[in-house]
Amino acid sequence: MTENAERRLARRIAGEVVISDDPGATLRKWRTDFEVSQTALAEELGVSSSVVSDYESGRRESPGIGVVRRLVEGLLAIDAARGGAHIRQYARVVTAGFESDIVLDLREYTRAVPMAEFYEATGATELADGGAEHVNGHTVIDSIEAITRLSSEEFYRLYGESTDRALVFTEVTRGESPLVALRVLTPTPNAVVLHGIEPEDVWDHAPTLAKRDGFSLAASTKDLDEMLADLRALP
């Protein structure tokens, strides 16, 4: 990851905090996303943990840009010292040109992950077998935001660096929109997971379309944060 990508990520986080209606809650969201405790962040900044707690709870006046910058740089410094996994994860989304409310996660794996291992991480039940035995990465997408805001060219960029990947669509009600949208993509992904829906509630034609277009289809109701954590633990 380039320094430029890291700075872009820092600006994005800081921007979200500054313009948020609840800056403290937004700070807390990013801190927990980076898996950093209040104590660890306070130690990095050289303040007491109560200071971080007060900002996040709103007990202190909304932080100015200088404070926000220190908090963001503290998060990035802690993650970098731990190996930079979260920085790389978010930077992939930033450098791909997506907003964080559209693409929730985008990763490439260090090895091919068997489909069964991927399904275990997502808590998914397969509805159609597309024939692929593995995936090389994943993209987790808010289906409503993606379909309403992305152009066909931007939709293609959801693949990241590898087309042999899985696309996970969240906020799914029946699955028509993602399946229809995927019909314009060439090549198709290895697998698609419809998240937030029971297998029996998936659109009746979805498995048929998946088989026709050559990708595996599955459904999952696993807790979103837990699923993201398990996906990020894949090699």
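Residues of region 1-50 being within 16 Å of Ala85 (Cβ to Cβ) and not β-branched (Val, Ile, Thr), which ones?
Met1, Ala5, Glu6, Leu9, Trp30, Arg31, Asp33, Phe34, Glu35, Ala40
Within region 19-29, does at least one residue satisfy the condition of being touching a Gly at 6+ places or on another chain (Cβ under 9 Å), at pLDDT 85 or above and within 14 Å of Ala77 (Cβ to Cβ)?
no
Among the residues that make up region 102-116, is at least one of them over 29 Å from Val168 (Cβ atoms), modelled with pLDDT of 85 or more and out of contact with any Lys or Arg (no Cβ under 6 Å at 6 or more places or on another chain)?
Within region 102-116, not a single residue is over 29 Å from Val168 (Cβ atoms), modelled with pLDDT of 85 or more and out of contact with any Lys or Arg (no Cβ under 6 Å at 6 or more places or on another chain).
Give, as residue ranges, the helices (runs of 4 or more DSSP H) completely inside region 122-235 that count at least 1 residues that are open to solvent by less than 10 Å² (accessible area, probe 1.4 Å) and at pLDDT below 85.
Correct list: 143-149, 176-182.
For region 28-41, name all the residues that are of a type outside the set (D, E, K, R) and either open to solvent by less than 20 Å² (accessible area, probe 1.4 Å) or not in a helix (DSSP H, G or I) (or both).
Trp30, Phe34, Val36, Ser37, Leu41
Among the listed residues Glu35, Glu56, Glu6, which satisfies the condition of being on the phi > 0 side of the Ramachandran plot and either under 23 Å from the mean Cα position of the chain (by Cα) or modelled with pLDDT under 85 (or both)?
Of Glu35, Glu56, Glu6, the one residue that is on the phi > 0 side of the Ramachandran plot and either under 23 Å from the mean Cα position of the chain (by Cα) or modelled with pLDDT under 85 (or both) is Glu35.
The values are calculated or read from the model by the stated rules, or taken from the named source; none is laboratory data. Note that this is a predicted model, so its numbers are computed, not measured. For neighbour counting, all protein chains shown are included, and Cβ atoms are generated from backbone atoms with ideal geometry for every residue, glycine included. Accessible surface is based on the protein model in full, side chains and every heavy atom, while ligands, DNA and RNA are left aside. Shrake-Rupley method; radii C 1.70, N 1.55, O 1.52, S 1.80 Å.
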